[in-house]
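Visitor: This is the structure, below, for whatever I ask next.
The values are calculated or read from the model by the stated rules, or taken from the named source; none is laboratory data. What you see is a predicted model; the values in this text were computed from it and never measured. Backbone-built Cβ (ideal geometry, glycine too); neighbour counts: all protein chains shown.
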Amino acid sequence: MEIIVGTDNIKRSLKNPVITIGNFDGVHYGHQVLFQQVKDWAREIDGESVVMTFNPHPLEVLFPGKGPACITPHEQKLELIAACGIDVTIVIPFDKEFAKISAHDFVKKILVDKIGVKAVVVGYDYRFGRNRQGDIELLQKMGEEYGFEVKTLSGIRMAETVVSSTAIRQLIKEGEIKEANRLLGHVYEISGTVITGRQRGGRLLGFPTANIKMSCQAPPRPGVYVVKALVDGKIYGGAANLGYNPTFGDTPFTLEVHILDFNQDIYGAPITVRFLERLRDEKCFTDLQELSAQIRADVEKAREILMTLPSTTE
């Protein structure tokens with residue numbers, strides 16, 4: 001996939017571009033259906049499939065500190081879009097100047113003049129331009145004027161649930177990881193760097209853990225999870241504790257992963273933790289022996305669950 005950052009960096013004529021536009025946080029099942037429509041239409045007109053997305057999230061710029069916690073950090077989002085088979089992604093560095101562009105100018109100066117759009121696929125409730133003044137009716141009217149077609153998609157459902165980033169964020173927050181993964185169409189994950197922790201896992205409890213410095217994305221509800229860990233290109237099963245370690249009276253929010261059958265030194269290494277299933281809430285134990293026994297039970301339960309799952313990279 002070709003990645004172009006900013007429309008000023010479009011250095012070639014895109015071939016009959018069919019484009020969809022949005023933030024696409026999570027690159028969930030609904031987004032994947034949208035991308036497939038874009039690819040199918042591009043194939044029909046011998047064109048290129050194009051995604052336009054924004055970094056940072058527009059709400060973070062317009063309302064600092066009030067934007068939604070991201071499901072997928074920007075780099076992961078691009079990787080997921082690429083995995084969907086899109087030809088070109090145009091990343092708009094979103095700032096207050098870009099936010100001032102009128103709906104008419106967005107279509108004429110960016111979609112038509114800079115991208116040369118031939119077709120647009122968007123959700124039924126798509127809004128664009130300064131103060132979200134543009135709507136589907138305006139987009140279709142300008143399509144007739146400038147020679148591009150517009151297709152809208154209604155909300156994508158899985159069973160009775162409308163798939164949306166908002167719904168998935170709420171599921172993650174509630175710890176409903178299996179349902180969140182179902183709506184995502186892939187496994188929710190957190191990436192970070194292994195840092196030095198309090199050295200309690202192996203020394204005091206008999207279960208060494210990788211302590212992870214997390215990015216600022218939507219964390220699941222505190223508790224113990226069955227996970228898979230991606231380390232140096234290899235996948236390992238594991239059990240993770242996400243939260244505050246109440247037995248020790250800790251206050252920082254931490255992610256610790258016990259990687260099964262693993263004894264490498266990975267301090268400072270990147271790691272990706274894929275959340276598969278929630279086992280239990282965090283709990284304050286009376287002593288280290290009780291905590292160690294519970295961790296042993298958690299690890300064995302995680303091992304049992306992992307053995308029932310397909311042997312894939314996720």
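Visitor: Given the structure, is Asp281 in contact (Cβ under 8 Å) with a residue 40 or more places away in the chain, surrounded by 15 or more Cβ atoms within 10 Å (Cβ to Cβ), of a type in the set (Asp, Glu) and under 22 Å from Glu174 (Cα atoms)?
Guide: no
Visitor: Which condition does Phe54 not pass, out of (1) of a type in the set (A, V, I, L, M, F, W, C); (2) more than 18 Å from Phe106 (Cβ to Cβ); (3) free of Cβ contacts under 8 Å to residues at least 60 places away in the same chain, if it passes all the others?
Guide: Just one mismatch for Phe54, condition (2).
Visitor: Just to be sure I understand, how many residues within segment 254-287 are farther than 15 Å from Val227 by Cα, over 27 Å from the mean Cα position of the chain (by Cα) and of a type in the set (Phe, Trp, Tyr)?
Guide: Total satisfying the criteria: 1.
Visitor: Moving to a separate point now. Considering only segment 23-43, how many residues are outside any loop (DSSP other than H, G, I, E, B), crowded, with 22+ Cβ neighbours inside 10 Å and not hydrophobic (A, V, I, L, M, F, W, C)?
Guide: Summing the residues that are outside any loop (DSSP other than H, G, I, E, B), crowded, with 22+ Cβ neighbours inside 10 Å and not hydrophobic (A, V, I, L, M, F, W, C) in segment 23-43 gives 2.
Visitor: Quick one: how many residues across segment 69-87 are surrounded by 15 or more Cβ atoms within 10 Å (Cβ to Cβ) and in contact (Cβ under 8 Å) with a residue 40 or more places away in the chain? Talk me through it step by step, then tell me what you get.
Guide: Let us first name the residues in segment 69-87 that are surrounded by 15 or more Cβ atoms within 10 Å (Cβ to Cβ), namely 70-74, 76-78, 80-82, 84, 86-87.
Then drop every residue that is not in contact (Cβ under 8 Å) with a residue 40 or more places away in the chain, which leaves 70-73, 76-78, 80-82, 84, 86-87.
Selection size over segment 69-87: 13.
Visitor: Consider Asp46 carefully, then state whether it is within 16 Å of the chain's Cα centre (by Cα), charged (D, E, K, R) and either assigned by TED's automatic domain parsing to the domain that holds Val121 or part of a strand (DSSP E or B) (or both).
Guide: Values: within 16 Å of the chain's Cα centre (by Cα): no; charged (D, E, K, R): yes; either assigned by TED's automatic domain parsing to the domain that holds Val121 or part of a strand (DSSP E or B) (or both): yes.
Against the criterion (within 16 Å of the chain's Cα centre (by Cα), charged (D, E, K, R) and either assigned by TED's automatic domain parsing to the domain that holds Val121 or part of a strand (DSSP E or B) (or both)), Asp46 does not qualify.
Visitor: Next question. Which ones in segment 104-158 are within 26 Å of the chain's Cα centre (by Cα), in a loop (DSSP other than H, G, I, E, B) and either surrounded by 16 or more Cβ atoms within 10 Å (Cβ to Cβ) or not assigned by TED's automatic domain parsing to the domain that holds Thr53 (or both)?
Guide: If the condition is that a residue be within 26 Å of the chain's Cα centre (by Cα), in a loop (DSSP other than H, G, I, E, B) and either surrounded by 16 or more Cβ atoms within 10 Å (Cβ to Cβ) or not assigned by TED's automatic domain parsing to the domain that holds Thr53 (or both), then Tyr126, Gly129, Ile156 are the ones that fit.
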